[in-house]
Amino acid sequence: MIGPVGYDIYVYIDAYPKEDDGCYINTYKKAVTADAAIISLLLNSKYHIRLLADGLGHDADANLVRLKINSEKRQLTEINPKNPDSSFGFVISTKNGSRTWISNIRFPKAHDLNTLIATLITKEKPDVLYLDCWKSDLYGYKFLQNLDNLHAQLYYVNIGDSNDFSIPTMSILNNLDKVVLQISVKDSRSLKTTFQSLKLKENQYILFTRGGDSLITYAGNTIKEFPVRSLTGIDSTGAGAIFTSSVLNFLAKDMYHWPDLIDSAVMDAISHTYNRLQQHSREYYL
């Protein structure tokens, strides 16, 4: 698993304050972030899970994140362990479920990842390689050719929130043959253009998550739509990571035939995510 890692402080307020004004925090929590880190904690512990990330820093909460991830069969490799600053963010949520965030959490640099991947090629042959590849930081597809040399059974790439994902999508599809792309789309109008422009090869799948709207899958020339139930007044932070971990846990049951399991994995993950978000405690809270 490759992606940024740090910790978030979630603060819950009644409403966003006006300019030059403040507000009271009702409650707050601390949690491991971002997607790669959360997913690593949610995956079945019977698998050996290795997480590659930039340095976490060295304050008390960073050390707590380090300890939590390095639990049974979860190995954290920090590419720049001497980073002086801790990687953290604030997530501000209101009663109506809206949220905003600020953060200094860093992605690993492409040069550092290329060096590390070259080393891993000679030592490890993962069944699954998960990659955070957010549009806001385009490092993700700069070393895709190196990733393909790992010969994984499945590459799972999370592009994150994006309505303009044509560049990373085409780069990923051109470089990886056995791949599932997960893309969070806020403006569904962009999907029609996407379907017209993409030609997927065998064993290439795209999962479009759309919050409380239906989930859409695209493979070959086939488009399928799966209904979801929307949540009202519930903090949905981490929903995408919970969904991804559920899909990966399902596909791992038969890694050599995972393309045949996609539809079942999606339906199971939708149900699991809905149920999990309604629970007060989550595995990635500190």
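The values are calculated or read from the model by the stated rules, or taken from the named source; none is laboratory data. Every value quoted in this text rests on a predicted model; they were computed, and no experiment measured them. Counting neighbours? That spans all protein chains shown, and the Cβs are built from the backbone with ideal geometry, glycine included. Each accessible area value is taken on the protein alone, full model and side chains, heavy atoms only, with ligands, DNA and RNA left out. Shrake-Rupley method; radii C 1.70, N 1.55, O 1.52, S 1.80 Å.
Each label point was placed 7 Å from the Cα along the Cα-to-Cβ direction; for residue 99 and residue 279 their separation is 1.7 nm. Within the chain, the longest segment free of exposed loop sites, counting trypsin sites (Lys or Arg not before Pro) that fall outside DSSP classes H, G, I, E and B and have at most 15 other Cβ atoms within 10 Å, spans 230-286. Select from the chain the helices, each a whole stretch of DSSP H, whose alpha-carbon atoms run 15 Å or more along the helix axis and whose Kyte-Doolittle mean is at least 0.5; answer none if there are none. Going by DSSP H runs, the hits are 110-123, 239-251. Keeping the other protein chains in place, figure out the carbon and sulfur percent of the accessible area of the chain, with a 1.4 Å probe. Accessible surface attributable to carbon and sulfur in the chain totals 50 percent.
Peptides 237-244, 264-271: what's the order by average Cβ count within 10 Å, highest mean first?
Working: 237-244: 23.8, 264-271: 17.6.
Final packing ranking: 237-244, 264-271.
Among the listed pairs 30/95; 109/178; 29/109, a Cα-Cα separation exceeding 27 Å is found for 29/109.
Calculate, for the range 174-286, the solvent-accessible area per residue in square angstrom, rolling a 1.4 angstrom probe over the heavy atoms of the protein chains.
Numbers: 5700 Å² over 113 residues.
Here the residues of the range 174-286 average 50 Å² of exposed surface.
In plain terms, the chain is cut at each of the GluC sites (Glu not before Pro) found in a DSSP loop with at most 13 other Cβ atoms within 10 Å, and the longest leftover piece is 203-286. Ligands, DNA and RNA are left out, and with a 1.4 angstrom probe the accessible area of the range 56-112 is 59 Å² per residue.
From the C-alpha coordinates alone, can you work out the Kirkwood hydrodynamic radius of the chain, in Å?
Working: mean 1/r = 0.0511 Å⁻¹.
Every distinct Cα pair counted, the radius reaches 19.6 Å.
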